[in-house]
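Take a look at the structure below.
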Amino acid sequence: MTTTPPTPPPAVPTDFVVRLRGSALHFRCAPDTSLLDASAALGALGLRVGCRGGGCGVCRVQIDSGRVRTGRMSRAHVDETGHAAGLVLACRAYPLSDLTLSPAGKTTTQPGACP
Ligand code: FES
């Protein structure tokens, strides 16, 4: 009698690529790391940092493509309509796929080269 080894489960991504629309900038982000924290890899070219708690709106971005999950966010900065349209606070958003995002009034991006 022969046996075959069990098939290993499909690989789960350990992180995703996040691109800043309109530039060559990108960074990698793990599913349990906020977009804001991961953007620190870009240094001064990354997203602007404020309270880190979902309350100031400094880190607001528009998700142009891809999926995120979010924690609590101030409705003063992202109302339900905006959220449904893809607005999120980067300090409260975690990737579920590769993403492209755009500044939404309170973020900074500048053109630069990806490594
Ligand atoms: S840094 Fe203040 S809401 Fe994200």
Output yes when any residue across segment 5-13 is closer than 16 Å to Tyr94 by Cα and within 16 Å of the ligand (Cβ to nearest atom), and no when none is. no
Filter segment 4-58 down to the residues that are modelled with pLDDT of 90 or more, outside any loop (DSSP other than H, G, I, E, B) and in contact with a His (Cβ under 9 Å, 6 or more places away or on another chain) and list them by number. Val17, Val18, Arg19, Leu20
I'd like the residue in segment 64-78 that is in a strand (DSSP E or B) and over 11 Å from Ala93 (Cα atoms) and, out of all such residues, is farthest from the ligand (Cβ to nearest atom). Ser65
Does Cys59 fit the bill of being surrounded by 18 or more Cβ atoms within 10 Å (Cβ to Cβ) and not charged (D, E, K, R)? yes
Say whether the condition of being more than 13 Å from the ligand (Cβ to nearest atom), within 18 Å of Phe16 (Cα to Cα) and of a type in the set (S, T, N, Q) is met by at least one residue in segment 79-87. no
Residues satisfying the stated conditions in segment 88-115, i.e. modelled with pLDDT under 95, within 14 Å of the ligand (Cβ to nearest atom) and outside any strand (DSSP E or B): Ala104, Gly105, Lys106, Thr107, Thr108
If we keep just the residues of segment 19-63 that are more than 16 Å from the ligand (Cβ to nearest atom) and within 11 Å of the chain's Cα centre (by Cα), which is nearest to Leu99 (Cα to Cα)? Arg19
(1) within 19 Å of Leu96 (Cα to Cα); (2) touching a residue at least 12 places away in the same chain (Cβ under 8 Å); (3) out of contact with any strand residue (DSSP E or B) (no Cβ under 6 Å at 6 or more places or on another chain) all hold for Pro9 apart from (2)
Hits in segment 14-30 - residues which are surrounded by 15 or more Cβ atoms within 10 Å (Cβ to Cβ), out of contact with any helix residue (DSSP H, G or I) (no Cβ under 9 Å at 6 or more places or on another chain) and among the aliphatic types (A, V, I, L, M): Val17
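The values are calculated or read from the model by the stated rules, or taken from the named source; none is laboratory data. No experiment lies behind these values; they were computed from the predicted model shown. Ideal geometry is used to build each Cβ from the backbone, glycine not excepted, and the neighbour counts take in all protein chains shown.
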